[in-house]
1. If I ask for residues that are open to solvent by 70 Å² or more (accessible area, probe 1.4 Å) and in a loop (DSSP other than H, G, I, E, B), which ones from the stretch 62-87 would you list?
2. Looking for whichever is at pLDDT 85 or above and closer than 30 Å to GLU94 by Cβ here; the options are PRO183, PRO221. Which one fits?
3. Every residue in the stretch 158-189 that is among the charged types (D, E, K, R) and touching a residue at least 40 places away in the same chain (Cβ under 8 Å), please.
4. Check the stretch 10-22 and report whether any residue there is surrounded by 15 or more Cβ atoms within 10 Å (Cβ to Cβ), out of contact with any Leu (no Cβ under 9 Å at 6 or more places or on another chain), touching a residue at least 12 places away in the same chain (Cβ under 8 Å) and more than 19 Å from GLY99 (Cβ to Cβ).
5. Name the single residue that is farthest from GLN45 (Cα to Cα) among those in the stretch 19-29 being outside any loop (DSSP other than H, G, I, E, B) and under 25 Å from the mean Cα position of the chain (by Cα).
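The values are calculated or read from the model by the stated rules, or taken from the named source; none is laboratory data. The model shown is predicted, which means the values in this text are computed figures rather than measured ones. Heads up, the Cβs are rebuilt from the backbone with ideal geometry, glycines too, and the neighbour counts pull from every protein chain shown. When the accessible area is computed, the model is the full protein with side chains, heavy atoms only, and any ligands, DNA or RNA have been set aside. Shrake-Rupley method; radii C 1.70, N 1.55, O 1.52, S 1.80 Å.
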Amino acid sequence: MIRVLLADDQALVRAGFRALLNAEPDIEVVGEAADGVEVQALAAQLVPDVLLMDIRMPRCDGLAAAREILSNERLNGLRVVMLTTFDLDEYVFEALRIGASGFLVKDTEPAELVAGVRAVARGDALLSPGVTRRLISEFAARVRPLRANPDLDGLTEREREVMALVAEGLSNGEIAQQLVVSPATIKTHVSRAMVKLHARDRARLRVRVRPRAAGPAPSRPRLAGLAGWLITVPRALSRSRVRAGSG
């Protein structure tokens, strides 16, 4: 059973979420809070699995409340999903930077909200489609393209994009997280590139696609905002699951 805590200053919104989620056999709403101070106390008391929390609330806004809740070691297993009417970048970036597991706008379809709660409870990340599109644009603007290399002429544009990340030393899983595709898709692109570039293993593949410039090898690009978050959060979630399983 997935135990959910709701936090929104509008009673009607909370009632709608409660009715929707309680109708599911594997989800239970265990509490409601009307402001950021109350939700902190309830989270510590109830220790839910998922917290759905509005960003704009009285006394203490959702971002400040999330920051406090996520710093509480007793609540390491709690997944926070921020809710808002407008998916403004300043809200999105700050919510994900402090460790929230997802960000949804309130016009999300009911079925998508329910599926999102289940996904976050499993440890997956959750973003509204509009946010995901901006994430891809953010990443595309920041990833360093490969320098001119005649060996790469036979690669497709997508394969070049993947190879740029292979050259940075990222694993298939990390590349998949950045490009918002499955690891199996990345594995296919890498395998095809290895055939085209006549590389017998990943190490040789990195040598083939690495920029042919003198001097020290470039460091891995520092990705800000959502792109960086999609790398760090899944790793943190994975470590949390490992610790939980070994305890």
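1. Filtering the stretch 62-87 for residues open to solvent by 70 Å² or more (accessible area, probe 1.4 Å) gives 67-68, 71, 73-74, 76, 85-86.
Listed by number, the residues that qualify are SER71, ASN76, THR85, PHE86.
2. Values: PRO221 fails: at pLDDT 85 or above.
PRO183 is the lone residue from the list that is at pLDDT 85 or above and closer than 30 Å to GLU94 by Cβ.
3. To start, the set of residues in the stretch 158-189 that are among the charged types (D, E, K, R) comprises 158-161, 168, 174, 187.
Hits for the stretch 158-189 are GLU168, GLU174.
4. no
5. Of all residues in the stretch 19-29, those outside any loop (DSSP other than H, G, I, E, B) come to 19-22, 27-29.
Checking the rest, the ones that are also under 25 Å from the mean Cα position of the chain (by Cα) come to 20-21, 27-29.
Values: LEU20: 23, LEU21: 21, ILE27: 19, GLU28: 16, VAL29: 14 Å.
Looking at residues that are outside any loop (DSSP other than H, G, I, E, B) and under 25 Å from the mean Cα position of the chain (by Cα), I get LEU20.
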